[in-house]
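Notes for the one structure printed next.
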């Protein structure tokens, strides 16, 4: 979900303003700690910062380094997938811990 919002709203704080008022009450309804949706938000926002072409800072650094965006994507895809799996495991552990 966060990746879709990140394309339209590249500002991380803007994403928080749009998504957290929806996700935190949902966590309250499910009986999950509020820390879990915050962790999910931070994981999603942080990972999409690495691969979204609407991220101005990323594009500026790639331009300054002379690295084409396609080459950057090929370089980071493995690391982003690994970090995504680690994020999913962390969120699952946080949910388990908050429900226990």
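Quick look at the numbers
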quantity	calculated
Computed label-point distance, nm, for sites residue 67 and residue 83 using a 7 Å Cα→Cβ extension	1.1 nm
Helix-only CD estimate at 222 nm, as mean residue ellipticity for the chain, using -39500 (n - 2.57) per DSSP H run (n ≥ 4)	-27500 deg cm²/dmol
Residue order, fewest to most surrounding Cβ atoms within 10 angstrom, among 47, 85	85, 47
Projected label distance in nm at residue 42 and residue 22, using a 7 Å step from Cα toward the beta-carbon	2.2 nm
Which of 74, 34 has the fewest Cβ neighbours within 10 Å, and the rest in rising order	74, 34
Inter-label distance for residue 11 and residue 90, nm, one decimal - labels placed 7 Å from Cα along Cα-to-Cβ	2.5 nm
Ranking of 23, 77 by count of other Cβ atoms within 10 Å, fewest first	77, 23
Gained length - residue 3 relative to residue 97, 0.36 nm times residue gap less alpha-carbon distance	31.3 nm
Answer label, with Cα extents along the principal axes in Å calculated from the coordinates and candidates [x] 75, 36, 13; [y] 49, 26, 15; [z] 38, 31, 19	[y]
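Every number in this text was worked out from the coordinates using simple rules, so none of it is lab data. Keep in mind that what you see is a predicted model, and the values were worked out from it rather than measured. Neighbour counts run over all protein chains shown; Cβ positions are idealised from the backbone, glycine included.
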